[in-house]
1. Specify the inter-centroid distance of the stretch 175-214 and the stretch 17-60, based on alpha-carbon positions, in whole Å.
2. Relative contact order for the stretch 183-275: what is it in percent, counting Cα pairs under 8 Å that are at least 6 residues apart?
3. Place a point 7 Å from the Cα of ALA233 along the Cα-to-Cβ direction; which residues of the stretch 273-289 have their backbone N under 19 Å from it?
4. Give the shape of the stretch 176-216 as rounded, prolate or oblate, defined through the alpha-carbon gyration tensor: a ≥ b ≥ c are the square roots of its eigenvalues, a/c under 1.5 means rounded, and otherwise the shape is prolate if a/b is larger than b/c and oblate if not.
5. Per-residue counts of other Cβ atoms within 10 Å, averaged by peptide: what ranking do you get for 35-43, 123-131, highest first?
6. With a ≥ b ≥ c the root eigenvalues of the C-alpha gyration tensor of the stretch 12-84, is it rounded (a/c under 1.5), prolate (a/b larger than b/c) or oblate?
7. Strictly over 30 Å apart at the Cα level, which of LYS134/LYS282; LYS34/LYS247; LYS192/LYS247; LYS218/LYS249; LYS49/LYS134 would you flag in this model?
Amino acid sequence: MSDEVSIVMVSYWTGPILFEAVNAALERSQAGIKELILVDNGNTPSVIKELFRCAEENPKLRIISGHGNVGFARGCNIGSDVAQGRYLLLLNPDCCLSEMAVPNLVAEASSREGHWMFGGRVCDPNGQAQRGSKRSLLTPITALVSAIHLSAVAPRLFRKFDLNQHHIPATTTTRVEAITGACMMLPIETYKEFNGLDEGYFLHVEDLDFCMRLHRAKVPIFYVPTAEAIHHASSSQASRVWVEWQKAKGFCRYFWKHYRGGIWSIILIPLSIGILTRLGIKSALILISTGIKRVFNPQGSATT
């Protein structure tokens, strides 16, 4: 198997799990990896020093640093600009590839032509599939269904945004509408033709935006359960309130970008109010549970 995959990993104050994720990606069992491009959006001097030391020992590891915290989407695009592989694998810095994940993705890619995108089975450390591995498109309707749990009342009538509870063969590659940006692979030509991730999103929702753009261009998206990754979510030391603010901005941007005009315009304002209300409630709960000083100390994050 030739080395065809360029992994791009964007890191901001990720913590010790970063090195576990890097080591898992560079394991010998991950045949097919040409390079791991780590885009440093901001880490401690000791972490950066260790990253460069690792890069000296492993020529497949490339570090891009010094540009500051430019956001997750921009960081991915910076990495993709210098990627030399045939395929681009966007991987979160707290996402550890399981054995044979990359070879299984490459094997699937060998039977595909044209534009496509793959998402792996992203699990929590206990092995449970996380929300986002396979999804419906995010629409105002699926957002409402998920927010007030309508699918639990009438599952045949209301389809959930998160498809983890739907029966999908455990070992069979299946076409879906959307996947998570924590682990997504596609031809680098596809990524560039669609102008990469929208840098108007600083953190969160950029993956759903990309899925929507591919879907509207009739580019197939597939869930590949044999490519597994363990996602240690919330590893960044960034402010949780700040992260929730970025999520809210991302959702509002997404809905106004893709559903402005026509009948959808009627619900965009109340939908945006609902998103901001959710932000206020979650922020209040975070402040109560963690304390104001601890929450507002960090400056922000660029990982998901």
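1. 23
2. That works out to 30 percent.
3. 275, 278-287, 289
4. Rounded, since a/c falls under 1.5.
5. 35-43, 123-131
6. It is oblate, given that a/c is not under 1.5 and a/b is not larger than b/c.
7. Among LYS134/LYS282; LYS34/LYS247; LYS192/LYS247; LYS218/LYS249; LYS49/LYS134, the Cα-Cα distance tops 30 Å for LYS34/LYS247; LYS49/LYS134.
Taken together, the values in this text are just the output of simple stated rules run on the coordinates, not laboratory data. Values in this document were obtained by computation on a predicted structure and should not be read as measured data. Virtual Cβ from ideal backbone geometry, glycine too; neighbours counted across all protein chains shown.
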